[in-house]
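A short worksheet on the structure shown next.
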Amino acid sequence: MVEQIRRKHVVELLLRWGAEMAATTRHGETALHLASLEGYKDVVELLLNNGADPNVKVPLISGNWQSGMTALLCAAKGGHKGTVELLLNYGADLAARTEWGETVLHLAAKWGHKDVVELLLGIGLDPATTTQPGKTVEKCEAEGASGKTALLLAAGWGHKNVVELLLSKGADVEARTQNGETALHLASKTGCKDIVEILLRSGASVLARTRCEQTALHLAVDNGQHDVSKLLLSRGADPRATQFGRTALELAATRGWANVVELLLNNGAPADTKNTLGTRLQRKVTWRYLRYY
C-alpha cells in the first residue's frame with residue numbers, strides 16, 4: 001500500500017511538471033497501458049482523470065505480441081479485476097481486440113484469471129466469441145490462432161477453474177478452432193488430466209477428429225502424455241484409429257515413449273498393423289521398447 005501511494009505521488013509530480021501523457025515505450029505502450037498491466041489502480045485512475053484515453057491501442061507492428069492492446073486488455077491479461085472495473089467505468093471499449101484477435105474475455109481466460117472471467121460473463125460477454133487475428137499476423141500463425149473461444153484457450157493453457165466456470169455458464173464443449181481442435185484435443189496435447197476429465201464428464205467426444213484427422217488420443221500419445229492417454233482409453237478412445245495411416249502406437253514408437261507404447265499394447269493396439277508403414281512400425285516398436293528395458 002505504501003509503495004502504491006509513493007508511486008502515485010511520483011506520477012502526480014511528473015504530470016505537474018509537464019510529463020508527456022502520450023509518451024510511449026519502443027513497443028508503443030503508454031503509461032496507462034503499463035499501469036493497467038501491473039494493476040496499479042490508483043495510478044490508472046490518476047492518468048484517466050488527467051485525460052488519458054482508455055481506448056488508445058498499441059500500434060500494429062508485425063510480430064509484436066502487444067499489438068492492438070488497450071488498457072482494458074492489459075488489465076485483463078494481468079488479472080486485475082479492480083482495474084478492469086475502473087476502466088469500464090471510464091468508457092473502455094469491451095469489443096476491443098489485440099492484433100491476434102483476442103478480446104478481454106479471451107485474455108482473462110488464457111491467463112487463468114477466474115475472477116475477471118466471472119466479472120466479464122456477468123456483464124454479458126458471450127463465451128462463444130472466437131479469436132480473429134488481424135492482417136499483420138503471418139498467415140501460418142493466424143491459422144493456428146483463429147477460431148478460439150475462451151474455453152479453448154483456458155483448456156489449452158491448463159486453467160481448470162476457468163474451464164469449470166465457462167462450462168457452468170454454457171460454453172460449448174465441442175467448439176472448434178479453425179484447425180478443428182476441440183478443448184479436449186488441446187487439453188490432451190498439453191497433458192492437463194484434470195481438465196480432460198472435466199471435459200469428458202461434460203460430454204466432450206473422445207472420438208472427435210481435427211482437420212488433420214487427429215483424435216485426442218493421437219495428440220496425447222504424440223506428446224508422451226501417459227496418464228491422459230490412459231484416461232482417454234478408459235473412456236472409449238480407439239487405439240486402432242489412424243491418422244493418415246498411422247496408429248497411435250506408431251506415433252508413440254516414433255517418439256520413443258516406451259511407457260505409452262506399453263499402455264497401448266495392453267489396451268489392444270495392433271502391433272502388426274498391415275499398412276504401408278507396417279514394417280517400419282514393427283522395427284521402431286521393437287527397438288524403442290526393448291531399448292527402454
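The values are calculated or read from the model by the stated rules, or taken from the named source; none is laboratory data. Predicted model only: the values in this text are computed from it and were never measured. Neighbour counts run over all protein chains shown; Cβ positions are idealised from the backbone, glycine included. Calculation scope for accessible area: heavy atoms of the full protein, side chains included, ligands and nucleic acids excluded. Shrake-Rupley method; radii C 1.70, N 1.55, O 1.52, S 1.80 Å.
Here are a few things to note about the model shown:
- A 1.4 Å probe run over the protein chains yields, for the chain, 49 Å² of accessible area per residue, whole-number rounding.
- Per-residue ellipticity at 222 nm, computed for the chain from helices alone with -39500 (n - 2.57) per DSSP H run of at least four residues, works out to -14500 deg cm²/dmol.
- Nearby aspartates and glutamates by direct alpha-carbon distance to Lys230 (threshold 16 angstrom, same-chain neighbours under 8 apart not counted): Asp194, Glu197, Asp222, Asp238, Glu262
- Shape of the chain, Cα gyration tensor, a/c cut at 1.5: prolate
- Label-point separation, Ile123 to Asn179 (7 Å along Cα→Cβ), nm: 3.3
- The range 151-223 shape via C-alpha gyration tensor axes, a/c threshold 1.5: prolate
- FRET efficiency, 1/(1 + (r/R0)^6) with R0 45 Å, evaluated for Leu94 and Arg235 via beta carbons: 0.75
- Solvent-accessible area, 1.4 Å probe, carbon plus sulfur percent, for the range 150-272: 42
- Non-local lysine pairs in the range 73-198, meaning eight or more places apart or on different chains, with alpha-carbon distances under 13 Å, amount to 8.
- Sites Glu164 and Trp17, calculated FRET efficiency, Cβ-Cβ separation with R0 51 Å, nearest 0.05: 0.55
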